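Structure first, then comments.
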Amino acid sequence: MPGSPFPTQTPLNLVMPIKPGAAPALRALLTGVSARQDRPVERALRGLGNVHHAQFVFLEQDTRLGVLTWYDGPFDDYIISFIEHIGGIFNAILQYIDGADALVPVELHRDAFLAFIAAHDHKCLHAYSAYPDVRLFDIKDALGIR
């Protein structure tokens, strides 16, 4: 199970192998999702209220997709929230990920999806947070952000 060097914040360094030759299609998918007017990923992250940072990154000459985030709360709750709010986007992404065919749709394979993510989560060797004891909810309250 993922762990954290901080009391409230937890990193997810998910690195998944991309199927051979699938990187261009995956890049087009992620670029298209990012360009959508309804901003589904951003809307879901704001709605969750526990994600400090999130990004998709192509690694190792486009052979791996990194999903790098910092979040508050338990790992299982975090991942299940994503399934519930943007499971369709994960289903679209996973069609390009090696070894993920049996996970789709994630809504019907929650335990397997959780196990897959935990198995592909790379632990931090060193991390820094300017506010290691503070949840995103507390930060937004202090700043008056809704």
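Each reported figure results from applying straightforward, stated rules to the coordinates on display, with no laboratory input. Owing to the predicted nature of the structure, the values given are computational and were not obtained by experimental measurement. Backbone-built Cβ (ideal geometry, glycine too); neighbour counts: all protein chains shown.
The table below gives the values:
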quantity	calculated
Where labels lie 7 Å past Cα in the beta-carbon direction, separation of A92 and L125 in nm	3.5
Whole-Hz ³J(HN,Hα) from phi, Karplus 6.51 cos²θ - 1.76 cosθ + 1.60, for the range 89-99, glycine and proline x	5, 4, 4, 5, 5, 5, 5, 9, 9, 5, x
Cα gyration tensor shape of the chain, rounded if a/c is under 1.5, else prolate or oblate by comparing a/b with b/c	prolate
Other-chain or far-sequence residues with amide H under 5 Å of R64's (modelled H)	I18, L59
222 nm mean residue ellipticity, helices alone, for the chain (DSSP H n ≥ 4; -39,500 (n - 2.57); rounded to 500)	-13000 deg cm²/dmol
Cβ-based charge dipole, the chain, positive-most Cα from H52, P11, L125	H52
The chain, dipole about Cα centre (Lys/Arg Cβ +1, Asp/Glu Cβ -1), debye to the nearest 20	400
Amide H contacts of N50 (H built 1.01 Å from N, under 5 Å, at least 5 apart or other chain)	none
Among T63, Y96, A35 the positive-end extreme of the charge dipole of the chain (Cβ point charges)	A35
